[in-house]
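J.: Handing you a structure now.
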Amino acid sequence: MELPYISIRKQLVETTHNPMRTLQLESHKDTFNSPVVRSMQHVSNLSRLGFVPCLAAFRLSCSKRTQTLSDLIQRVLLVISTHPRKNYRVPCELEIRIPRRHRISQEQRFNDAEAIVDFALDESGRRDQLELLRLKAVLQVAQEHPKQAIETYRMLLASVQAQRNSKANNLEQGKTFDPEAILDRNLEKEAWRDLAGIYTKLNLWPDAEICINKAKLIEFYSPQSWHTTGVLFEGQSKLKEALISFSVSLSIEPDYVPSIVSTAEVLMKLGTGSLPIARSFLMNALRLEPTNHEAWLNLGQLSKMEGSLQQAAEFFQAACELQLSAPVQSFV
């Protein structure tokens with residue numbers, strides 16, 4: 001049976017030098033059809049001349065008051081997704097090193113994107129500022145600045161708490177439904193979950209557990225929160241607990257791809273007897289999301305464990321190509 005990635009490459013290789021990039025943008029065609037986003041894509045093309053014209057054009061688009069938060073986030077993600085991320089790791093015998101000039105270019109893109117967000121923070125209202133603070137923290141994590149990201153999340157959470165306290169003082173007005181409060185709670189939940197991920201990567205298990213528990217207090221039946229819990233357990237080598245958490249995540253949302261991939265990863269760690277089941281999970285993940293580089297990477301690891309080195313090399317290559325074009329944050 002032909003794997004999805006091979007079929008995708010056959011269809012797109014004649015249309016662009018980067019087929020995975022085309023596939024990624026094609027899947028969000030409707031999003032990029034708005035006039036503002038199209039104009040911002042044009043601005044992105046100018047960014048190779050330097051950051052100044054890019055920011056100047058961005059200021060102009062803001063001055064016309066056609067800019068929305070959604071368009072801004074699309075703009076920033078477009079800027080940073082056109083260059084590869086650093087720190088992509090594959091098994092040492094198949095390591096693919098990103099050229100230094102690409103890393104420098106990519107780092108400049110992150111700096112440009114964060115500068116745009118800082119400018120937008122000064123020009124936007126409170127609601128948009130919260131969304132922008134989270135985007136800024138995501139950029140800081142991508143640049144491997146966890147302390148700065150933690151401070152940004154602290155500012156975001158402090159702002160949410162201050163707004164909540166302010167509204168609590170006005171309960172006597174009888175206002176029972178507040179859509180903005182619901183949005184704030186969702187953003188607070190995402191911030192606690194992001195913080196749990198940061199602390200997990202830093203091996204600060206108690207802090208990570210506190211953060212993920214706070215996210216669960218806001219929404220207990222969240223596949224993302226249970227997935228983050230599983231990642232926390234996996235980081236502590238508590239594989240059975242991790243498997244249970246990923247199973248809870250999938251019981252809430254059976255097609256949640258990150259938990260499908262992580263379940264396969266844990267099964268691979270449990271021993272060779274679980275490899276056929278792990279492969280079925282990975283194939284299901286690729287059926288749902290053919291461009292998921294983590295699924296291809298784990299499929300390569302699995303093939304290597306089974307002794308199929310040639311197939312493993314092809315899967316690692318697919319994972320590398322897909323990861324190089326993956327955005328820091330999803331477009332949707």
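The values are calculated or read from the model by the stated rules, or taken from the named source; none is laboratory data. Quantities reported herein were computed from a predicted structural model and do not represent experimental measurements. All Cβ positions, glycine included, derive from the backbone under ideal geometry; neighbour counts span all protein chains shown. Surface areas here come from the heavy atoms of the whole protein model, side chains and all, with no ligands, DNA or RNA. Shrake-Rupley method; radii C 1.70, N 1.55, O 1.52, S 1.80 Å.
J.: Could you figure out which of (1) farther than 30 Å from W192 by Cα; (2) open to solvent by 30 Å² or more (accessible area, probe 1.4 Å); (3) assigned to a helix (DSSP H, G or I); (4) not hydroxyl-bearing (S, T, Y) isn't true of G307?
T.: (3)
J.: Turning to a different aspect of this structure: Looking at (1) within 18 Å of the chain's Cα centre (by Cα); (2) open to solvent by less than 10 Å² (accessible area, probe 1.4 Å); (3) at pLDDT below 95, can you tell me which one A318 breaks?
T.: With (1) within 18 Å of the chain's Cα centre (by Cα); (2) open to solvent by less than 10 Å² (accessible area, probe 1.4 Å); (3) at pLDDT below 95 applied to A318, the lone miss is (1).
J.: Inside the stretch 291-315, can you point out the residues that are of a type outside the set (D, E, K, R), under 21 Å from L267 (Cα atoms) and under 20 Å from the mean Cα position of the chain (by Cα)?
T.: Residues satisfying the conditions are N292, H293, A295, W296, L297, N298.
J.: May I ask you to list the residues in the stretch 221-252 that are of a type in the set (S, T, N, Q), open to solvent by 80 Å² or more (accessible area, probe 1.4 Å) and closer than 20 Å to M268 by Cβ?
T.: Narrowing the stretch 221-252 to residues of a type in the set (S, T, N, Q): 222, 224-225, 228-229, 236-237, 245, 247, 249, 251.
Remaining after also requiring open to solvent by 80 Å² or more (accessible area, probe 1.4 Å): 237, 251.
S237, the sole residue that qualifies.
J.: So if I check each of R134, R164, which one is within 30 Å of L121 (Cβ to Cβ), crowded, with 16+ Cβ neighbours inside 10 Å and in contact with an Asp or Glu (Cβ under 8 Å, 6 or more places away or on another chain)?
T.: R134
J.: Counting only residues that are outside any helix (DSSP H, G or I) and either among the aliphatic types (A, V, I, L, M) or open to solvent by less than 40 Å² (accessible area, probe 1.4 Å) (or both), which one in the stretch 321-332 is modelled with the lowest pLDDT? Before the answer, list the steps.
T.: Pass one, the stretch 321-332, residues outside any helix (DSSP H, G or I): 325-332.
Subsequent filtering for residues that are either among the aliphatic types (A, V, I, L, M) or open to solvent by less than 40 Å² (accessible area, probe 1.4 Å) (or both) retains 325-328, 331-332.
Numbers: S325: 78, A326: 76, P327: 71, V328: 68, F331: 47, V332: 41.
Taking the candidates together, the pick is V332.
J.: Do you know which of the residues in the stretch 266-293 that are closer than 18 Å to T229 by Cβ and at pLDDT 95 or above is surrounded by the fewest Cβ atoms within 10 Å (Cβ to Cβ)?
T.: So the residue we want is V266.
J.: Also: Within the stretch 294-304, work out how many residues are touching a Phe, Trp or Tyr at 6+ places or on another chain (Cβ under 9 Å) and open to solvent by 20 Å² or more (accessible area, probe 1.4 Å).
T.: 3
J.: If you don't mind, another one. Kindly indicate the residue of the stretch 204-220 that is under 16 Å from L187 (Cα atoms) and not hydrophobic (A, V, I, L, M, F, W, C) and also least open to solvent (accessible area, probe 1.4 Å) among those meeting that condition. Show your work before the answer.
T.: So in the stretch 204-220, the residues under 16 Å from L187 (Cα atoms) come out as 211-220.
From the residues that got through so far, the ones that are not hydrophobic (A, V, I, L, M, F, W, C) too are 213-214, 216, 219.
Numbers: N213: 72, K214: 83, K216: 25, E219: 69 Å².
Filtering the stretch 204-220 for residues that are under 16 Å from L187 (Cα atoms) and not hydrophobic (A, V, I, L, M, F, W, C), the one least open to solvent (accessible area, probe 1.4 Å) comes out as K216.
J.: Can you tell me which residue in the stretch 253-265 is nearest to L302 (Cα to Cα), limited to those that are open to solvent by less than 60 Å² (accessible area, probe 1.4 Å) and either hydrophobic (A, V, I, L, M, F, W, C) or not in a helix (DSSP H, G or I) (or both)?
T.: A264
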